[in-house]
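Engineer: Quick one: the structure is below, and I'll ask about it shortly.
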Amino acid sequence: DFSALFLSIENMLFWCSVNEFRKDFALNHAPSCDDDQENIDDSDLKAQAQFIYDTYITPISELQINIPSSISQDIAAKMSSKEIKADMFDKAQKEIFSVMSRDSYPRFLSSSYHDKYVQSQQKRKSVRRFSVI
């Protein structure tokens, strides 16, 4: 709610999309002793990378993240060359983390959303304390 309200939802969505991409990439390229293990096809990883690029990196995307042009150009070059690697979005993700830690997170801490979150966590803890299993 907070991210959407303060127009930074694209940062969080990008962050999560990159984490999911990296996880899927690792699963696809990990050695396995299990013949039945389902790997994600390389074409699925390319599609996932394309989605991230189209959704968050290109200048015409509705959820474009604010990163230096050198980073977006580097990603564009990798996309053009079909060079799909697990770390291809790392620089952008680090930049977005920096933005969120400098801007979004401090605003969240001073907002009523933070107060509501803390209260909800305190209620959950008190409910757990009195629960009998």
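Engineer: Per 0.36 nm of contour for each residue apart, how much would the distance between Lys116 and Lys91 grow if the chain were fully extended, relative to their Cα-Cα spacing?
Structural biologist: So the chain would gain 5.7 nm between Lys116 and Lys91.
Engineer: Can you tally the net charge around Phe97? Count Lys and Arg as +1, Asp and Glu as -1, for every other residue whose Cβ sits under 13 Å from the Cβ of Phe97.
Structural biologist: Counting the neighbours of Phe97, the net charge comes to 0.
Engineer: While we're on this one: Could you name the lysines in cross-link range of Lys78, using Cα to Cα under 16 Å and dropping any fewer than eight places away on the same chain?
Structural biologist: Within reach: Lys46, Lys91.
Engineer: If you average the sequence gap of Cα pairs under 8 Å that are 6 or more apart and divide by the length of segment 9-104, what percent do you get for the contact order?
Structural biologist: Value for segment 9-104: 34 percent.
Engineer: Using the per-residue mean of other Cβ atoms lying within 10 Å as a proxy for protection, in what order, highest first, do the peptides 75-85, 43-53 fall?
Structural biologist: Listed from highest to lowest mean packing, they are 43-53, 75-85.
Engineer: ³J(HN,Hα) across segment 68-85 via Karplus (A = 6.51, B = -1.76, C = 1.60, θ = phi - 60°), whole Hz, x for Gly/Pro?
Structural biologist: Result, rounded to whole Hz: x, 4, 4, 6, 5, 5, 4, 5, 4, 5, 5, 5, 5, 8, 6, 8, 8, 10.
Engineer: What spacing in nm lies between the two simple spin-label points modelled at Lys82 and Asp103, each 7 Å away from Cα in the Cβ direction?
Structural biologist: 3.6 nm
Engineer: Still on this model: Given the protein chains as shown and a 1.4 Å probe, how many square angstrom of Asp115 are accessible, to the nearest 10?
Structural biologist: Surface open to solvent at Asp115 totals about 80 Å².
Engineer: Which value, in nm² and rounded to one decimal, describes the direction-averaged projected area of the C-alpha convex hull of segment 9-104?
Structural biologist: Reported value for the Cα convex hull: 6.6 nm².
Engineer: Next up: Quantify, in whole percent, the carbon and sulfur part of the accessible surface of segment 9-104 (1.4 Å probe; protein heavy atoms only).
Structural biologist: 52 percent
The values are calculated or read from the model by the stated rules, or taken from the named source; none is laboratory data. This is a predicted model, so every value here is computed, not measured. Glycine also receives a Cβ, built like all others from the backbone with ideal geometry; neighbour counts cover every protein chain displayed. Calculation scope for accessible area: heavy atoms of the full protein, side chains included, ligands and nucleic acids excluded. Shrake-Rupley method; radii C 1.70, N 1.55, O 1.52, S 1.80 Å.
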